[in-house]
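Colleague: Please find one structure pasted underneath; my questions will follow.
Bear in mind that the values in this text are calculations on the coordinates, not laboratory data. Keep in mind the model is a prediction, meaning the values are calculated, not measured. Cβ atoms come from the backbone with ideal geometry, glycine included; neighbour counts cover every protein chain shown.
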């Protein structure tokens with residue numbers, strides 16, 4: 001009977017110790033100096049139907065390039081509009097359900113599935129090939145591509161994709177990094193692929209998992225979810241909140257001391 005009591009006290013102590021375990025807050029724990037990792041292959045972001053892009057055509061002769069740039073219309077008073085060709089404002093194109101845009105002079109151009117650089121090269125080839133603008137410089141920017149970061153990060157939200165490639169680490173950094181309550185070992189990335197929902201789990205403490213994951217390079221509309229660790233989950237309950245109160249631990253220590261005195265008396 002005495003042995004059973006001792007085991008009960010030890011089990012209680014172990015349970016209490018486990019309840020106040022320190023959360024895992026580090027990254028890249030297995031990285032050593034000089035190690036190299038192969039990154040997954042990636043392609044720059046490609047445009048899809050419904051995406052919005054801006055296209056600016058430049059030339060040494062602005063008058064020749066003018067006809068290939070949609071004018072930006074700005075309203076200056078009620079009922080009156082004026083064409084405002086301002087370098088800081090570029091007209092936009094929305095890719096239609098057929099994957100096309102209606103480009104000045106060139107007409108319908110199918111660009112869905114292309115990257116930003118491929119669109120620029122394609123339009124420049126059309127202008128030069130048709131002898132419309134020999135020294136054309138075409139600049140394409142993506143305007144409505146986003147990814148989302150949710151859960152235990154300092155600044156959750158929806159972020160615009162403003163460069164050709166964005167990594168998972170870039171996205172987490174932009175969201176202000178994980179809070180102390182976020183799980184580093186089980187990051188979830190949700191990805192839409194046609195009518196399918198793909199899911200990827202990544203352990204940020206293990207670089208081989210990070211750099212080999214298909215989700216290392218983000219795609220448009222990816223969603224990153226950082227789930228709460230045990231400490232945060234515990235704080236969401238009344239019992240869990242009680243466990244972190246100093247008065248609770250003082251009472252517990254007093255109880256254990258009293259039990260030990262009774263058992264070993």
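Colleague: Using the 10 angstrom Cβ neighbour count as an exposure proxy, how do 181, 146 rank, fewest first? Walk me through the numbers on the way to the answer.
Modeller: Details: 181 19, 146 13.
Ascending Cβ contact count within 10 Å gives the list 146, 181.
Colleague: With a Förster radius of 25 Å, plug the Cβ-Cβ distance of residue 146 and residue 124 into 1/(1 + (r/R0)^6) and report the FRET value to the nearest 0.05. Mind showing how you got there, number by number?
Modeller: Working: r = 28 Å, r/R0 = 1.11.
After rounding to 0.05, the efficiency reads 0.35.
Colleague: Further question: So what's the projected area for region 80-205, the Cα convex hull averaged over all directions, in nm²?
Modeller: Over every viewing direction, the Cα hull of region 80-205 projects on average to 11.9 nm².
Colleague: Work out how much length residue 117 to residue 192 would gain on full extension: take 0.36 nm times their residue separation and subtract the Cα-Cα distance, in nm to one decimal.
Modeller: That pair, residue 117 and residue 192, stretches by 24.6 nm at full extension.
Colleague: At a Förster distance of 22 Å, what's the computed FRET efficiency of residue 35 paired with residue 169, Cβ-Cβ distance as r, to 0.05?
Modeller: Efficiency, rounded to the nearest 0.05: 0.85.
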